[in-house]
2 protein chains.
Amino acid sequence: MAKKIIIVGAVALGPKVASRLRRLDPDCEIIMIDRDSLISYGGCGIPYYIGGDIGEIEELYSTTAHHVRDPEFFRTVKGVEVITRVEAIGIDRRKKQLKVRHLDDGTESEMAYDKLVIGTGGTPFTPPIPGADLPGVYPVSNLHHAQAIKELISKGAVGNAVVIGAGAIGVEMAEALTDLWGVQTTLVEMAPHVLPVAIGPNIALIVEKELEKSGVDVKIGAQVTKIIGDAESGVTGVEVSGEVIECDLVIMAVGVRPNTGFAAEAGLAVGRGGSLIVDKNLRTTDPDIYAGGDCIEIRNLVSGEQLPMALGSLANRQGRIIATNIFGKNAQFDGTVGTFCIKVFGMGVATAGLTIHQAKAAGFDPVHSLVAQFDRAHFYPNSKFLFVQLIADRATRRVLGVEAVGEQIDSVKARVDAVVPLLHKGMNVDEVCTLEVGYAPPFSSAMDVINNAGNTLDNILDGRNIPMDWPEFSDLFEKGQITVVDLREAVEAQPFIDQYGAERWIHIPQPELRERCNELPKDKDLCLFCGTGARSFECQIILNQNGFTRVKNLQGGYAIIRVTDPDFIPQGG
Amino acid sequence: MAKKIIIVGAVALGPKVASRLRRLDPDCEIIMIDRDSLISYGGCGIPYYIGGDIGEIEELYSTTAHHVRDPEFFRTVKGVEVITRVEAIGIDRRKKQLKVRHLDDGTESEMAYDKLVIGTGGTPFTPPIPGADLPGVYPVSNLHHAQAIKELISKGAVGNAVVIGAGAIGVEMAEALTDLWGVQTTLVEMAPHVLPVAIGPNIALIVEKELEKSGVDVKIGAQVTKIIGDAESGVTGVEVSGEVIECDLVIMAVGVRPNTGFAAEAGLAVGRGGSLIVDKNLRTTDPDIYAGGDCIEIRNLVSGEQLPMALGSLANRQGRIIATNIFGKNAQFDGTVGTFCIKVFGMGVATAGLTIHQAKAAGFDPVHSLVAQFDRAHFYPNSKFLFVQLIADRATRRVLGVEAVGEQIDSVKARVDAVVPLLHKGMNVDEVCTLEVGYAPPFSSAMDVINNAGNTLDNILDGRNIPMDWPEFSDLFEKGQITVVDLREAVEAQPFIDQYGAERWIHIPQPELRERCNELPKDKDLCLFCGTGARSFECQIILNQNGFTRVKNLQGGYAIIRVTDPDFIPQGG
């Protein structure tokens, strides 16, 4: 008799398992169930539908060839039976039966399986804030929410919105609301910076500035204490760290909880957060039950931690692996390095591995470089600055993470993707220095920014490059604890000298430094300053070679100030 | 006494060695010589200067901060002495003396060294064609050529040009001449397709079509037998495979020869083509002499062959390694996988590893996939098709090469760069399937095109996917040896049926195939056809599962025809 495969959840992982399995095996019976009526959709596209980049919601559940991915499509095209509006409520593992509830009539029944696949994803978490259940408070996790929010906005009912949570969905939603609809949006984040899981404070500063420049009011380190309104007229405001922000719409984007209750009750092992524990074959603790996507824990290959990682891309890759294994072959999913990317208005952000904060928490001693460089040859038109932060462990020089941000979004992501494959294997900084990324002037510099991020970190680890980050520079300069040496041309330095005084802002153009270094005080803490940090590093070495011991240089130089704190730059500077 | 380092050649490798070495060691004496008066320039930028993307030639030898990189710059900023117009003519290795000729007065002298670095690059090769020395025939290898060519064009003296050689420089020059200046340009290549070293015929077809669409006359498999003209009026035409092409300018871009005569005469080992042989520390067969850049052979890590690879990016990375080693540390250069990228009008091309042809020559049994897919989520605006060809060895499933082409040039290069790091180590197809490239709808699909190139190749290697390439399809269809089954919608298929007849061009929409497959002949060779090759693969499996054995599917589908042979597509199709 043909094997019977039941797949619970029909959004990302499930359809991939079903489609691939049918291609591998013409005979097995494949049934996919979902509690929703809409299935197999690109949930990650929801902010772009709300923001108007995508015109019709059908596009999110249609194929490239414009077939709607509904049960009929799965039956005829994929050879897979789909039953919607059915929820899994239990598993009798001994009898190999899935218990389900039919949501339209409330009846319950059993479905026998030979192999069961759980791809039930997660449900948005509603924090225990008073008013979180008021009308006008929406999560963003399925197409019904998407439609409801878009309807509300498009009929002009929303003047002000508050987005709670500045993770990927929160940031994307803030952009969607502001960009097309001109909704006055406040983005509230409890952590000290936006995208707190993905990036560290250096890159986050750039993202926050981009959000603010684009009209989003960003509140970081801010606690939502109450959502104000009543059941009749809905939400009217949000109380954030004591202050009330008036609004007509609240987007709740503080994370998801895995839909694994029925599986855990059946005795399958789950981790701390309730995500299913699986082996490398993506098998749960029951050998006849596989799981993947947003409802499992996977191994972070840099930290060794087991964590959920909710990304459609991982769900798809895992789906393929599960199908292969059900078919009887051996395919493995080793884990993730957390590759992540996001567009934030005119900026692309990409990252992989650990942030400095996460690296410390995992027991490493992280050291980082921050490089500002043109994304193509500096003489080529349309070159734009790209910022890359590379993080390594001090003792072992093992690369722990990479973060990048810049205006040309594909070129930002490219730099991170080029590090990811070796990050999977474990790599050291030298391997970033010699990474053989493609070169031609329309694409990159001869020494690409990613190589230079490695070179710079190599110099830092060797103690040759003694850098300072912008937040520290800003703080020390304000306190009068550092003297700046500006190595740029006179015309560039003059506005700064006028603004901050020639005592605090000394100017020696780079070509004159070797001759004039004795003009500088050896008994003060100096911070060298140039356009990007390249010349200031070179000059720091010249000063060191001339007996100066209290010299650092500002990583990213003028380029980083321009995108994080333009107010620091005097008029004309 | 301070160590004395002499560096021969001051274009790419030399300046990097000098600058880094000075940062490592404040005391050593560093002298860099060059036979040219212009140094430290971005030679790869020359076509963009000629084509007008770069306004002034000075930009090619200026820093990001607009400092001209001349001997004065190297003295003051880098602490390096540069002597120009001096040519190396011999090495007395026993005495550790470099013999040089001063080009301005013809005198000769000796320069003692502790360590010598050879970064002399290459000289354009002039093939033994009658007329190759006529006025109006130019190589493109230094700024003097660049200036001469640009002067000629900008005064309107060039109506027609012939570019001999369709490698990177030839293709870039053809674009430069056509794009800005409207020069009627013919690009002549002896090999059966353009960019013959970098890519195979499948991707080359797309590049050739792009060149032709943009106004370049492409002649492949064509032999230049004579350059016509006289010493007084210069070149007037080129005889190509019997035909005369009239022209006022000939660009000779058939390759370079390494400038290593003086080094070979001194007994340093060179390879077949005259390139210096170096070890992993980039040391020649004399332990006190290092070499790098275009004048050395490096190991191709896929084929194991030793070959020169003339790229400014490699020269820069090698320069850094040489400096580190001269300083007494141990840095290594393992070799290359030949990562390469080029912009061709509106297309970006990127590649790494071996072409199918090179893989066969190296003793592999190459199998390839060719995938057409949108570069971002298909529902996201501004998604463009990207074509990726992945090549692996049949028996071992080891990845041998990857080629990509598409309109959004950064996103093309990104896919290749993401494969390169593991290609360096040796990787198999499964690792491409699970490559963890970043995902968000504005950047990529959940299952990225590079993953799908892996998935498809995995299916081909397993014998599940039995593909056909466009050239074979075109040939067999013309001969009446295959019957096409078009799986697209009626409105898409109809123009093809009208054009080619319902016998040769059968139409069954994909959703109806499972029900209607018995309408198809089992005794004919069928080739399934869809938009990209994804549905035709899926349907090929359905037919196989229903007893059809003579079924293939067209890789790349309609998408590949559109960019390689639009004439095949009927009006309205």
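Please treat every number below as a calculation from the coordinates, not as lab data. In this text, all values refer to a predicted model and were calculated from it rather than measured experimentally. No Cβ is skipped: glycine too gets one built from the backbone with ideal geometry, and neighbour counts run over all protein chains shown.
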| So for the pair A:LEU180, B:ASP475, with labels modelled 7 Å out along Cα→Cβ, what separation do we get in nm? | 4.9
| Can you give the average number of partner chain beta-carbon atoms within 10 Å of each beta-carbon in peptide A:426-435, as a whole number? | 3
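Looking at the P(r) of the protein assembly as shown, how many percent of alpha-carbon pairs lie beyond 53 Å? Provide the component values of the computation, followed by the final result.
Working: 163720 of 656085 pairs.
Across the protein assembly as shown, Cα pairs with separations above 53 Å total 25 percent.
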| Once all Cα-Cα distances of region A:509-573 are split into 10 Å bins that start at 0, what whole-number percent is in each one? | 21, 48, 26, 5
| query | Tell me, B:GLU151, A:GLU232, B:GLU87 in order of fewest to most beta-carbon neighbours within 10 Å? | reply | A:GLU232, B:GLU151, B:GLU87
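May I ask you to give the average projected area over all directions of the convex hull of the Cα atoms of region B:104-150, in nm² rounded to one decimal? Mind dumping the intermediate values first?
Values: hull surface 23.0 nm².
Convex hull of Cα atoms, orientation-averaged projection: 5.7 nm².
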| A:PHE548 paired with B:ASP104, simple spin-label distance in nm, labels 7 Å along Cα-to-beta-carbon | 3.4
| task | Place the label 7 angstrom along Cα→C-beta at A:ASN544 and in each other copy, then list the distances from the first to the rest in nm, shortest first. | result | 6.0
| message | At 7 angstrom along the Cα-to-beta-carbon line, where would the label on A:ASP523 sit relative to the other copies? Give the distances in nm, shortest first. | response | 10.5
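Give me the compactness ratio for region A:336-463, meaning the Cα radius of gyration over 2.2 N^0.38 Å. Working shown, then result.
Values: Rg = 13.8 Å, N = 128, 2.2 N^0.38 = 13.9 Å.
Rounded to two decimals, the normalised Rg is 0.99.
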| Along each of its three principal axes, how wide is the spread of alpha-carbon positions in region B:1-154, in whole angstrom units, largest first? | 53, 40, 24
| message | Taking just the alpha-carbon atoms of chain A, what radius of gyration and Dmax come out, in angstrom? | response | 26.8, 90
| query | Roughly how many nanometres apart are two label points built 7 Å out from the Cα toward the Cβ at A:GLN499 and B:GLU29? | reply | 4.6
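Take B:GLU239, B:GLU110 and order them by how many other Cβ atoms sit within 10 Å, fewest up front.
Numbers: B:GLU239 17, B:GLU110 12.
So the ranking, lowest neighbour count to highest, is B:GLU110, B:GLU239.
Quote the convex hull volume per residue of region B:467-568, based on C-alpha atoms, as a whole number of Å³. Intermediate results must be reported in sequence, preceding the final value.
Numbers: hull volume 8.8 nm³, N = 102.
In region B:467-568, the Cα convex hull volume per residue is 86 Å³.
Nearest 500 deg cm²/dmol is fine: what mean residue ellipticity at 222 nm does chain A get from its DSSP H runs of n ≥ 4 alone, each adding -39,500 (n - 2.57), divided by its residue count? Please report the intermediate quantities before stating the final value.
Details: 17 runs with 159 residues, N = 573.
The helix-only estimate for chain A comes to -8000 deg cm²/dmol at 222 nm.
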| request: Treating the angle as unsigned and between 0 and 90°, give the value, to the nearest 10°, between the Cα long axis of helix A:449-461 and the longest Cα principal axis of chain A. | output: 60
| Roughly how tilted is helix B:490-500, in degrees to the nearest 10 and between 0 and 90, from the longest Cα axis of chain B? | 90
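Just to confirm a number: summing +1 for Lys and Arg and -1 for Asp and Glu over residues other than A:MET427 whose beta-carbon lies under 12 angstrom from that of A:MET427, what do you get? Before the final figure, lay out each step's value.
On the way: positive: A:ARG397, A:ARG398, A:LYS425, B:LYS425; negative: A:ASP393, A:ASP430, A:GLU431.
It works out to a net charge of +1.
Kindly state, to the nearest 0.05, the FRET efficiency for B:ASP217 paired with B:ALA148, given R0 = 35 Å and r defined as their beta-carbon distance. Please list the in-between numbers first.
Details: r = 24 Å, r/R0 = 0.68.
E between B:ASP217 and B:ALA148, to the nearest 0.05, is 0.90.
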| Along Cα→Cβ at 7 Å, what distances in nm separate the A:ASP279 label point from those on the other copies, shortest first? | 4.7
| What is the gain in length, in nm to one decimal, between B:LYS280 and B:SER37 on full extension, counting 0.36 nm per residue of separation less the C-alpha to C-alpha distance? | 84.3 nm
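Taking the beta-carbon count within 10 Å as an exposure proxy, list B:SER313, B:SER141, B:SER474 from fewest neighbours to most.
Numbers: B:SER313 24, B:SER141 20, B:SER474 16.
Lowest count first: B:SER474, B:SER141, B:SER313.
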| Number of partner chain Cβ atoms within 10 Å, mean per residue of B:527-536 | 2
| request: Taking chain B as the reference, fit the longest principal axis to its C-alpha atoms, fit the long axis of helix B:312-326 to the helix C-alpha atoms, and give the angle between the two in degrees, 0 to 90, nearest 10. | output: 50
| query | How crowded by other chains is A:403-412, given as the mean number of beta carbons from other chains within 10 Å of each beta carbon? | reply | 3
